[in-house]
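Input: a single structure, listed below in C-alpha cells.
The values are calculated or read from the model by the stated rules, or taken from the named source; none is laboratory data. What you see is a predicted model; the values in this text were computed from it and never measured. Ideal geometry is used to build each Cβ from the backbone, glycine not excepted, and the neighbour counts take in all protein chains shown.
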Amino acid sequence: MADVLRSDVMLAFAVMTAVTVAVRLGGFWLMSYVPVTPRVRRMMDALPGSIIVAAALPVAVNGGPVVMFAILAAIVATIVARNDFIAVIVGMAVAAAARAAGFGG
Amino acid sequence: MKRGGDAAFFIGRSVFADSGLVRAVIGYSEASAAHNLHDLAQLDLIATCPQAFAYAGFVMTSKLTKAPAYWAKDAIWPGIVAIGPMLPGTLAFGMAFGALCAQKQFSLAEVEVMMAFVYGGLSQFVAVQAWPDHLTTSSIATLALLTLTVNIRFGLMSASLRSWFGTLPRRQSYPSMLLVTDGGWLAATRYRDHGGANAWFFVGGGLVLYFVWLVAAIPGYVLAEQLADPKKYGVDLAMPAFYAAMLVPAWKGLRRAIPWGVAGIVALVVHWLVPGWWFIIIGAISGAVSAGLIQPDDTTREPSHG
C-alpha cells in the first residue's frame, strides 16, 4: 500500500457506493408508484422476518454443531432467565467449553 | 483477476458450504487461508440480520392508524436507545472488517472511505474478500454486481418506509433513506408499528449506528496482527446468542411465521442452486409475497376497503 488512497480502489468504491445508494433510494422511489392495498400492507409487514430468515437460515444450516448447540443453549437461557445478557453469556460459554473439550467448529 | 488462488471469490455456495456459522469472527492470524476469510463474511449475517426475529413478531400485527411523519427532537434519544442492543455487534463486526482489510493490504484511509460511503457491512465484507489483485473494468463490474445482490434488500426496506417518510419533503426523506441498515430499519419498523411517526427516531438511531460503524474498523485494523484466537472464548457466539435471545419473545404463533418459513425454504433452495448472494433477496421476496397471498386471520384483519 504505497498510496494512502489508490485511485483504482477509489473508483471501485465509487461504483459500489453508487449501486448501494441507488438501491436505498430506488426502493423508496419505486414504492411511490405502488398503491398500498391491504395485501401490499401484509407483504410489507412480513418483510422483516422474511429478510432475516432468508439471509440467516442458509448460514445457520451450514453452521457447525457447536454453533447450533450454543444458539440452542442461548434460547433455553432466554426462556428460563428472560434476560438477553445472560443468554449471550451462556451461548459464549457453551461454545468456548465445547471447543475446549475438542469439538471443532 | 485472480480466481483460483482466492476461493473466496466464489462467494455463494462455497462460502457457506465449507465453513460454519461458528467460525465467524475468527482467524485473523491466518490471513492467507481463504476459508478464514469466508468466515469473516458470515459475521455480518450474524451481526446485522437475526435481530429481525425480535421485531418481526411485533411488525406483523400492525393495526394502528399510522400518522404522517414529523420531526420532533424528543424521539432522538428513544431512537438511540432502540438501536443500543445492536451496538456491541456493530462494533465487533466493524473491528473484524478492519482486521480483514489490514490483511488485504488496504490502507486505513481507504478502509474509512469504504466504511463512510459504501456503508453496507455484508457487502463490504464480500467485496473485500473477493477483491482482485488488479482492478479492471470487468473486475469492478463484478464487484458492483456482488454489491447489488447483497444490498438489494435495502431497497425493500426503504420501500417499506415509504408509508412513513413519504409524506416528508423529498429533501428530507431521500437523505434519510441513506441511513437504511438492517438494525436501524428493524428498530424503526417496530416503533412505527406501535404508532410512532417521529422521523427523528429512525434518523437519530441511524446516525449513531453510522458513526459507530465508522469508528469500529480502526481498532480492528490496528490490532489485526495482535488478535489471537477470539473463537476460543466463544466471542463469535456473542451476536448469534443475542439474536436468538430476542427471537424468543418475538414468536407469535405458527400462522404468523408461515412467511418466515417460506422465506427460509426458498432461500435454502436458491442458496443450493444458484451461486452468489441471490438467496437473500429471492427468499425475502418469496416470504413477503406469501404473506400477501395468505388470507388474514381475525387478529390481523385489515380495515376493509376493497
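Return the total of residues in the stretch B:104-130 being surrounded by fewer than 21 Cβ atoms within 10 Å (Cβ to Cβ), over 16 Å from A:V21 (Cα atoms) and more than 7 Å from chain A (Cβ to nearest Cβ).
3
Restricting the stretch A:64-81 to residues that are surrounded by 24 or more Cβ atoms within 10 Å (Cβ to Cβ) and of a type outside the set (V, I, T), which is farthest from B:I282 (Cα to Cα)?
Here the residue is A:A77.
Looking at (1) farther than 26 Å from B:A284 by Cα; (2) out of contact with any helix residue (DSSP H, G or I) (no Cβ under 8 Å at 6 or more places or on another chain), find the lone condition where A:A22 falls short.
Every condition holds for A:A22 apart from (1).
Has the stretch B:131-144 got at least one residue that is β-branched (V, I, T), free of Cβ contacts under 8 Å to residues at least 24 places away in the same chain, closer than 30 Å to B:K104 by Cβ and more than 8 Å from chain A (Cβ to nearest Cβ)?
Yes.
If I filter the stretch B:232-249 for residues that are in the same structural domain as B:W77 (by TED's automatic domain parsing), at pLDDT below 70, crowded, with 16+ Cβ neighbours inside 10 Å and β-branched (V, I, T), do I get at least one hit?
Taking every residue of the stretch B:232-249 in turn, at least one turns out to be in the same structural domain as B:W77 (by TED's automatic domain parsing), at pLDDT below 70, crowded, with 16+ Cβ neighbours inside 10 Å and β-branched (V, I, T).
Would you mind listing the helices (runs of 4 or more DSSP H) fully within the stretch A:5-105 where at least 1 residues are more than 20 Å from the chain's Cα centre (by Cα), closer than 24 Å to B:G183 by Cβ and more than 8 Å from chain B (Cβ to nearest Cβ)?
A:7-30, A:65-81, A:84-100
Any residue in the stretch B:74-87 that is more than 14 Å from B:T189 (Cα to Cα) sitting within a Cβ distance under 8 Å of a residue that is among the basic types (K, R)? List the pairs, counting only those 6 or more apart or interchain.
The qualifying pairs do not exist here.
Give me the residue from the stretch B:145-167 that is of a type in the set (S, T, N, Q) and at the interface with chain A (Cβ under 8 Å from one of its Cβ atoms) and, out of that set, surrounded by the fewest Cβ atoms within 10 Å (Cβ to Cβ).
B:S163
Output yes when any residue across the stretch B:210-218 is at pLDDT 80 or above, surrounded by 24 or more Cβ atoms within 10 Å (Cβ to Cβ) and either within 10 Å of chain A (Cβ to nearest Cβ) or farther than 30 Å from A:I89 by Cβ (or both), and no when none is.
Checked the stretch B:210-218: no residue is at pLDDT 80 or above, surrounded by 24 or more Cβ atoms within 10 Å (Cβ to Cβ) and either within 10 Å of chain A (Cβ to nearest Cβ) or farther than 30 Å from A:I89 by Cβ (or both).
Is at least one residue of the stretch B:182-196 among the aliphatic types (A, V, I, L, M) and surrounded by fewer than 24 Cβ atoms within 10 Å (Cβ to Cβ)?
No; the residues of the stretch B:182-196 include none that is among the aliphatic types (A, V, I, L, M) and surrounded by fewer than 24 Cβ atoms within 10 Å (Cβ to Cβ).
Tally the residues that are more than 30 Å from B:A102 (Cβ to Cβ) and assigned to a helix (DSSP H, G or I), restricting the search to the stretch B:194-224.
Count: 6.
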